[in-house]
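Each remark here refers to the structure printed beneath this line.
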Amino acid sequence: MKSSQPAGSERPAPWRHVWNWHPSQHSLWLRLTVAVLLTLIATWLRVALAPAESGGRFITLSLAAALAALYGGLAAGMVSTLLGMVLVNFFLVQPYGSLAFENPVEAFWLNLWHLTTQVVVVGSIWWMQEQNQRLRTVHRELEASRRRFRDTFEFAAAGITQVDLNGRLMMVNQTFCQLVGYSQEELLQMRFQDFTHPDDIRPDEALLEQVLRGERDRYSIEKRYVRKDGQVVWAHLTVAVVRRTPDVPEYFVSVVQDISAIKAAEAALRTNERLMRQAHALAGLASWEGDVPTNRFRTLDNSYRQIGLPYETFSGEDLLALTHPADRERIGKDWADAVKGLRPYNSTYRTRMNGEDRWLSVRAEFERDAEGRALRAFGVTQDITERKLAERQIQRLNASLEQKIRERTRELKDAYDELESYSYAVAHDLRSPLRLINGFAQALQEDNAALDTGSRRHLDRIMQASRKMGLLIDGLLKLAQVGRGELQRQPVNLSLIATRLLEELAAESPQRQVDWSVEPDLMVTADPALMEALLQNLLHNAWKYTAETPQAQIRMYARMDDRQARFCVADNGSGFDMSRADKLFQPFQRLHQPHEFSGLGIGLATAHRIVLRHGGTLHAKGTPGQGATFCFSVPQPDAPDSNPPVR
């Protein structure tokens, strides 16, 4: 078990209980009772051990009175003395109860001498007890003071050290140990220079020398210590000298406070101020504050130079004098409304400074009293001249661009009208010669039965070529019609259209067994006629290129790609080589030979044109002999990436 006594104390020896005795430790009645008992015991012993008539009767009871005084103090000693005098005079010599002295004068002087002696003895004992008590009190107070001093020293919030005249540490507290990272034992073997930053040793020593020369009694500096782990800490050091005599210094007392956090905050503040000044310089900003009642303003950190103001402090009248006349009335009203709290102050105006016009943008906030009156204003002013000049240049460019757009639109319209004329010519002027060529070839074949086989073969080729050219003309017209007219967007159920088209293809080719499927409820907002043409081309393409595939499969479904729905038509037909995919959507470009699969190469080009008109994209992926997949997207009309309709 641990002792409950303070560290360093010892259990007092038994004799110390007697030495530290004081009568006040017991009550008065107990002390008086002990005094009476001691006197009676002493009387009994005197009678029992020696004849009462022998000399020394007062001595025995004087001893009892002394013991009573030691135990009970002055009152107990005097009670024992008086009781002893009565017993000596009346109860120690027979006959008991009668005066033991024959000569009254002798009895008087003996009793007076005994009383005087006892008063001196008892009084001395009492005085010694009081002095001893005062000494013990002073000792306890001294010990308490020493403990308080030690506690104050050890547990102070600041580091405290005692340093001799040579710089060696004599005493250190725990706070200082924690500050520098050394133990007390290590520090007591070191000089303060051993853990002071090299750059701070000489300034510290110079101040110490001034103290030793008597030029000052104390000094304070900010210095750096190097901790045991190598970390540098900042501290505020206050040093005072303790002198044995006014001319003889004995040692130094140092108080050390850790200010590393303050130094870090100061460094951060300086960095922020530097960055703020740089930001103001880069942005052309000037910070200012104003006294609203006096209408006086002051720029901060010389920032008035950033915007070319001629002075650091100015009045409202000075500012209006710099303002362009056309903006003065508006600026005055904006400021008055902001001071009243009707609206925020965020204004732009023109000024005339250094012989040139400048545009300034000003924002301000207000500090108000309890009644809402504006007392102070804080704001920033930014030079936006370059921005204003750029805006004007953009406006001029926009006007020029709009004019160019109108001219280009007119040119496109003329070209479009010319294209329509061309389409009309193709539709009407070319069809008639083709019909004549085909008709006369057929007439020659019918009217000349004697034609040889070679001639008939030539006539068949003429008729086939004319029919193919007619189909090409129809394809060109169809492709041109896709880009004409206004889109009529409305909800379209692609699943219903695809199902109907596949059923029609299956009915046209009953000999084929094609496993097809359509995902239900594929909805899109688009032009219904164009969507049907799109699906007709894609599904017809899949139906055609699976003709030579056993167990043919065609599937239409939707998938999400970059949060956008894409509708796909997939088949397991002949597929195509991806290296030639760039020709896939070009008119009349085919990836297969005519004897393999029939067609003009206009279907996928038409499908691509339809998707582009809706602002979407059409992609294809294929592998020779393993099929192809065509996926298209149709953005909604309000989608941010939807393209405007093509006319």
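The values are calculated or read from the model by the stated rules, or taken from the named source; none is laboratory data. Model, not experiment: these values are computed from the prediction. Don't worry about glycine lacking a Cβ; one is built from the backbone with ideal geometry, like all the others, and counts go over all protein chains shown. For the accessible areas, the whole protein counts, side chains as well, though only heavy atoms, and no ligand, DNA or RNA atoms are used. Shrake-Rupley method; radii C 1.70, N 1.55, O 1.52, S 1.80 Å.
Scanning the stretch 282-301 finds one or more residues that are at pLDDT below 70, crowded, with 18+ Cβ neighbours inside 10 Å, out of contact with any His (no Cβ under 8 Å at 6 or more places or on another chain) and not in a strand (DSSP E or B). Among the residues of the stretch 302-324, just one is at pLDDT 80 or above and in a loop (DSSP other than H, G, I, E, B), namely H324.
Taking the stated definitions as given, is A75 in contact with a helix residue (DSSP H, G or I) (Cβ under 6 Å, 6 or more places away or on another chain), at pLDDT 80 or above and either open to solvent by 80 Å² or more (accessible area, probe 1.4 Å) or not β-branched (V, I, T) (or both)?
Numbers: in contact with a helix residue (DSSP H, G or I) (Cβ under 6 Å, 6 or more places away or on another chain): no; at pLDDT 80 or above: yes; either open to solvent by 80 Å² or more (accessible area, probe 1.4 Å) or not β-branched (V, I, T) (or both): yes.
So A75 fails the test.
Whether any residue in the stretch 245-264 is open to solvent by 40 Å² or more (accessible area, probe 1.4 Å), closer than 18 Å to H197 by Cβ, touching a residue at least 40 places away in the same chain (Cβ under 8 Å) and in a strand (DSSP E or B) is what I want to check. Within the stretch 245-264, one or more residues are open to solvent by 40 Å² or more (accessible area, probe 1.4 Å), closer than 18 Å to H197 by Cβ, touching a residue at least 40 places away in the same chain (Cβ under 8 Å) and in a strand (DSSP E or B). Residues of the stretch 348-374 that are surrounded by 12 or more Cβ atoms within 10 Å (Cβ to Cβ), more than 15 Å from A286 (Cβ to Cβ) and among the aliphatic types (A, V, I, L, M): A374 alone.
Name the one entry in A42, A64, A7 that is aliphatic (A, V, I, L, M) and modelled with pLDDT under 70.
After applying the criteria, what remains is A7.
Of the residues contained in the stretch 222-229, none is found to be modelled with pLDDT of 90 or more, exposed (fewer than 13 other Cβ atoms within 10 Å of the Cβ), hydrophobic (A, V, I, L, M, F, W, C) and assigned to a strand (DSSP E or B). The condition (being surrounded by fewer than 14 Cβ atoms within 10 Å (Cβ to Cβ), outside any loop (DSSP other than H, G, I, E, B) and of a type in the set (G, A, S)) is satisfied by just one residue among A157, A206: A206. The set of residues from the stretch 225-259 being within 17 Å of V180 (Cβ to Cβ) and among the small types (G, A, S) comprises G230, A235, S254. Within the stretch 182-199, the residues that satisfy the criterion of being under 15 Å from Q231 (Cβ atoms) and open to solvent by less than 30 Å² (accessible area, probe 1.4 Å) are F195, T196. Listed by position, the strands (runs of 3 or more DSSP E) inside the stretch 462-558 whose residues that are modelled with pLDDT of 85 or more and farther than 18 Å from A607 by Cβ number at least 3 are 490-493, 514-518.
Working only within the stretch 349-371, note down all residues that are modelled with pLDDT of 85 or more and not charged (D, E, K, R). V362, A364, F366, A370 - these are the residues of the stretch 349-371 that are modelled with pLDDT of 85 or more and not charged (D, E, K, R). With respect to the conditions (1) more than 32 Å from the chain's Cα centre (by Cα); (2) modelled with pLDDT of 85 or more; (3) open to solvent by less than 80 Å² (accessible area, probe 1.4 Å), E391 lacks only one, and its number is (2).
Would you please name the residue that is nearest to T161 (Cα to Cα), looking only at residues in the stretch 232-242 that are touching a helix residue (DSSP H, G or I) at 6+ places or on another chain (Cβ under 9 Å) and open to solvent by 40 Å² or more (accessible area, probe 1.4 Å)? Only one residue fits best here, namely H236.
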